[in-house]
Amino acid sequence: MFFLRDHAESQKVSRGVLGTYLGGNEAVNAMHWIFDDNTALARHSHAAVQFGYIIRGAFRMTIGDSEMVLKAGDSYTIPQHVAHEFVSIGETEAIDVFSPARKEIPPWGKGAEQ
């Protein structure tokens, strides 16, 4: 199955966060994010393992009890059910992959499946 980026729609997820569903299935799904400068994503956890890659900008991240600043080119893995939070430093763009797929992420503009 293919997901065409040109057909995917971006949606404002929360104040300062733009999300684009990149595709997936029951086992895995992926999101593209753009955070405005100094935008916080509140501490939360979920049943999926989360792998992320920062394309540009930076995040001050807390995973469990560990805090670190990650910049473009850095990546992170968040285990299942571990609380985490993000604060963007500058406009920040990232990709996240979740496994198993997060059902609560609405598949906005899935893109043309081919």
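Taken together, the values in this text are just the output of simple stated rules run on the coordinates, not laboratory data. Predicted model only: the values in this text are computed from it and were never measured. Methodologically, a virtual Cβ is constructed for each residue, glycine included, from the backbone with ideal geometry; neighbour enumeration extends over all protein chains shown.
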Quick one: 3J(HN,Hα) in Hz for region 13-23, Karplus 6.51/-1.76/1.60 with θ = phi - 60°, rounded, Gly and Pro as x.
8, 7, 4, x, 10, 10, x, 10, 6, 9, x
Could you tell me what % of all Cα pairs in region 1-92 have separations over 24 Å?
19 percent
Environment charge at HIS81 (Cβ cut-off 14 Å; Lys +1, Arg +1, Asp -1, Glu -1)
+2
